[in-house]
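To start, the structure itself, in structure tokens.
Every number in this text was worked out from the coordinates using simple rules, so none of it is lab data. Quantities reported herein were computed from a predicted structural model and do not represent experimental measurements. Quick reminder, even Gly has a Cβ in these numbers, built from the backbone with ideal geometry, and neighbours come from all protein chains shown.
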């Protein structure tokens, strides 16, 4: 009888054929189907996942922590040259939409979100931030040249449309062969390629619309707070 922490312990081992089923799907089936039945029959039983699954969960938590720290660092690096606390938020606003594109890409290819998908999302965040930064900086330059905010946004959309679109298309085309690779070695990196490619393409479309709109909205809000209060003179007869 094996004991651990004063409790009688039983280990259940298993190997997963990744050509047949994804490890994440196996864990999902165990948590949703097997463990609830076991706990209903034996309420005092406690279960824990170990082995490679436990390591993947620990790595995923570390990945989220590093991603959050990276986003804070990116905000600081953007705030210094832009000389603004709000414009870095405009630049980084497209990052959540890249997650939407990655999810659709995984759904299209029938893949589960994995640790490698997270690496692809981190890489995609760098690309979409660069696209947003290019457009925001162009608007700032146009405004410093004396162009109105509306005309500056329109000019930025027209002038930066081709560079932003070409950057995203070339990135997507670069990972396209990996997406359709059928070898066993490629199965580990296909989720990363799908996340990167679809996240960049979807976020690019959002960038061309969302960034100019947010720029105008934040400019109007800033002008509203900077507007001087008018005082009325009251004459007493």
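Can we say residue 73 is within 16 Å of the chain's Cα centre (by Cα), under 30 Å from residue 13 (Cα atoms) and surrounded by fewer than 13 Cβ atoms within 10 Å (Cβ to Cβ)? No, not satisfied. When the helices (runs of 4 or more DSSP H) confined to segment 60-152 are screened for residues that are touching a helix residue (DSSP H, G or I) at 6+ places or on another chain (Cβ under 6 Å) and farther than 23 Å from residue 165 by Cα, those reaching at least 1 such residues are found at 95-109, 115-144. Residues in segment 65-87 that are closer than 26 Å to residue 116 by Cβ and touching a residue at least 24 places away in the same chain (Cβ under 8 Å): 67, 70, 71, 74.
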